[in-house]
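Laboratory data are not the source of any read-out in this text; all were calculated from the coordinates shown. Not measured: the values here are computed from a predicted model. Positions of Cβ are backbone-derived with ideal geometry, glycine not excepted, and every protein chain shown enters the neighbour counts.
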Amino acid sequence: MQPFTTLTGNVAPLDRANVDTDQIIPKQFLKRIERTGFGQFLFFDWRFLPDGSPDPAFELNQPIRQGASILLARRNFGCGSSREHAPWALADYGFRSVIAPTFADIFFNNCFQNGMVPVKLDESDVEELFRRAAAAEAAGQAYRLTVDLQNCLVHDDGGFSRSFPVDSFRRHCLLEGLDNIDLSLKHVDQITAWENAHGLASLKGGAT
Amino acid sequence: MPAPRTLLDKIWDDHLVCSPDGEQPLIYIDRHLVHEVTSAQAFEGLRVAGRRVRRPEATFATPDHNIPTTDRSLPIADPISKQQIDTLRANCREFGIRLFDLGDADQGIVHVIGPELGITQPGMTIVCGDSHTATHGALGALAFGIGTSEVEHVLAAQTLRQSKPKSFEVRVEGELYPGVTAKDLVLYIIGRLTTEGGAGYVIEYTGPCIRRLGMEERMTVCNMSIEAGARAGMIAPDRITFDYLRGRDLVPKDFDRAVARWETLPSDAGARYDRSETFSGGDVVPQVTWGTNPAQVVGVDATVPDPASMTDPSDRSSAARALEYMGLQAGTPIAAIPIDRVFIGSCTNSRIEDLRAAASVVRGHQVASRVRAMVVPGSGRVKRQAEAEGLDRVFTAAGFEWREAGCSMCLGMNPDTLAPGERCASTSNRNFEGRQGKGGRTHLVSPAMAAAAAVTGHFTDIRQWRYH
């Protein structure tokens, strides 16, 4: 997995709550059997008009937001299905962090598996970020933020700085870009012991 | 004396493999269910890393999301869908996993066949790359959806990294009035908890109203826990659970001994939950969603709410956006909303009792001329049982289409979709924008309410239905 330490990038504000996984990556694009190539389908039904051209009214289609790597949204981001295609699509499009007041549990987990940092901030702080982004864009500039996973801080150059919560183990895995399965298989003796204690020893299926 | 524990505590304690310093705990996974859409990349990951499936015999697969529900003797028309299903088949063969394939008598929606075959049992940990895995919690299991990377992890290590979730008791007193179903109850609860009220929690549904529910009704309730943001919902096993499981294909051979073990699972008296809410079953009327998330729901006797009356600015803007998408005006009586399509199916409501309830409404009536209606049984077994009872003929005589088992129009990955602007009374679980087809408008209801709407062409209070 690609490590994540510190990211400084442009912010794309998406002023919507309850952005569900069906919007992030509509189901017609879940038929691929690869992990890559989903970015072109991100927010497909919002992003494109029926004739296939980009919808100029959609937030992410604003010229100033092109190349953004941090998505700013409202609460309950990523609700709905377990599809990991959602973070795959966000990452493939170029986002490496999503900032919102709350996230759906499965989406939140899936981010960590893909080198992405979901940042939970208080609703008032998210509101402040929306204000700062709007002000920067009104002045013709993309709003820039830094997500510093080493210090669990989000900050800009204009005095905004907040810490965000992150599980220390997940933080460690992201900072180092560790393979979660390798880490777990270090405990294979304990897994086998659990199986033996629960009468599963006679079942076939070997250790890895 | 040990401290009283909840059902969640007991399953958690029993499945904790280790909790190494500085790491998330590893919990053991008893059953892993696999379908075609969220597994291909996981198997590919195993191949790339040269890993094997640790316990193939604890892993069960079936294609359900992406398959046609029409004539199964025909080849799958969409080559990309076909490739995904072929890939599942090849992966199961390569890694030695039991597959209930297309054409297998026991194929069906993964959350229907798990309990039906006795794969799902009380006290187990069960995962699947699908958020509606919460369904299996109805039998007293800890069951939740995972992403594809976690699918790969479970395949390789038969365990999962998990921090212990918080516990949330949703207690329901009293009982439901006639015509009010488990679907109405869970929609009502979601409406009050909101779509994120359960985030970070496992919900345990308790109380006399829950205890009165049959096994399949309990599955409907637990199924939709994720729509309140909870990864899992569970109901303590009891006589109803054991009677449901007895005699099923894959239950323990010494069933009575298993029952004795399962009887120790219910939460102890005095066990503490991190949060509790109490509802009254008698307050619930038949529910209809009006918006684009399952918490945007009202009773069939109500009107479409006015966003201007909502105090929370985020709720207000969501509601306004939803009404625009749904093509609805605030103040319109729900019963005055005409529909174009009816879908009876999905892991929420495609079991035999659902089909019986819908058929009893439909019997002796005709589908309204403006409506196209279909029934998609949850599994091959449900379909055969319904046909043995003559329910298929009740549906087809009324003008319903009678299909093969699959997820179908719940998410419209297969050819079963809504056209833009079409309005559907659906027994499924999500009314998100575009869920059933781009521009499609979904209203979530119970099977009986969907059947009544098919006949009248608009939402109709099932409590006043004239049964033939």
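Tell me which chymotrypsin sites (Phe, Trp or Tyr not before Pro) from the stretch B:392-468 have a DSSP coil assignment and no more than 14 other beta carbons within 10 Å of their own.
On the way: sites: B:Phe395, B:Phe400, B:Trp402, B:Phe432, B:Phe459, B:Trp465, B:Tyr467; in loops: B:Phe400, B:Phe432, B:Phe459, B:Trp465, B:Tyr467.
In loop regions of the stretch B:392-468 (DSSP not H, G, I, E or B), the sparsely surrounded chymotrypsin sites (Phe, Trp or Tyr not before Pro) are B:Tyr467.
For the protein assembly as shown, just say rounded, prolate or oblate: build the C-alpha gyration tensor, square-root its eigenvalues into a ≥ b ≥ c, call rounded for a/c under 1.5, and beyond that prolate if a/b exceeds b/c, oblate if not. Could you put the intermediate results ahead of the total?
Values: a/c = 1.42, a/b = 1.08, b/c = 1.32.
Rounded.
The string of couplings for the stretch B:387-403 from the Karplus curve (6.51, -1.76, 1.60, θ = phi - 60°) is 5, 5, 8, x, 5, 4, 6, 4, 5, 5, 4, 7, x, 7, 7, 10, 10 Hz, one whole number per residue in order, with x for Gly and Pro. Taking R0 as 30 Å, what's the FRET efficiency between B:Glu387 and B:Asp254 from their Cβ-Cβ distance, rounded to 0.05? Working from the Cβ atoms, E equals 0.30.
The tail of the calculated P(r) for chain B beyond 31 Å holds 40 percent of all Cα-Cα pairs. Taking amide H as placed 1.01 Å from N in the peptide plane, B:Met234 has its amide H under 5 Å from the amide H of B:Ile203, B:Glu204, B:Tyr205, each at least 5 places away in sequence or on another chain. Sequence-ordered 3J(HN,Hα) estimates for the stretch B:374-379 from the Karplus curve with 6.51, -1.76 and 1.60 and θ = phi - 60° stand at 9, 10, 10, x, x, 7 Hz, glycine and proline given as x. The GluC sites (Glu not before Pro) of the stretch A:1-88 meeting both criteria, a DSSP state outside H, G, I, E and B (loop) and at most 12 other C-beta atoms within 10 angstrom of the site's C-beta, are A:Glu34.
Taking beta carbons within 10 Å but only from partner chains, what does the mean come to for residues B:424-437? Can you show the working numbers first?
Working: counts 0, 0, 0, 0, 0, 1, 6, 0, 10, 6, 9, 7, 2, 3.
Taking the mean over all residues of the peptide, I get 3.
In this structure, the residue pairs whose Cα-Cα separation is over 28 Å, taken from B:Lys82/B:Lys253; A:Lys31/B:Lys183; A:Lys27/B:Lys183, are B:Lys82/B:Lys253; A:Lys31/B:Lys183. With θ taken as phi - 60° and the Karplus curve 6.51 cos²θ - 1.76 cosθ + 1.60 applied, the whole-hertz 3J(HN,Hα) list for the stretch B:81-95 is 4, 4, 4, 5, 6, 4, 5, 4, 4, 5, 5, 5, 5, 4, 9 Hz, x standing for glycine and proline. Neighbouring Cβ atoms from other chains, within 10 Å of the Cβ of residues in B:440-452, number 0 on average.
Here, the stretch A:6-177 yields an orientationally averaged convex hull projection of 9.6 nm² when only Cα atoms define the hull.
Need one value for A:12-22: mean number of C-beta atoms belonging to other chains within 10 Å of its residues' C-beta atoms. List each step's numbers first, then the result.
Values: counts 0, 0, 0, 2, 4, 10, 14, 1, 8, 3, 9.
Other-chain Cβ atoms within 10 Å of each residue's Cβ, averaged: 5.
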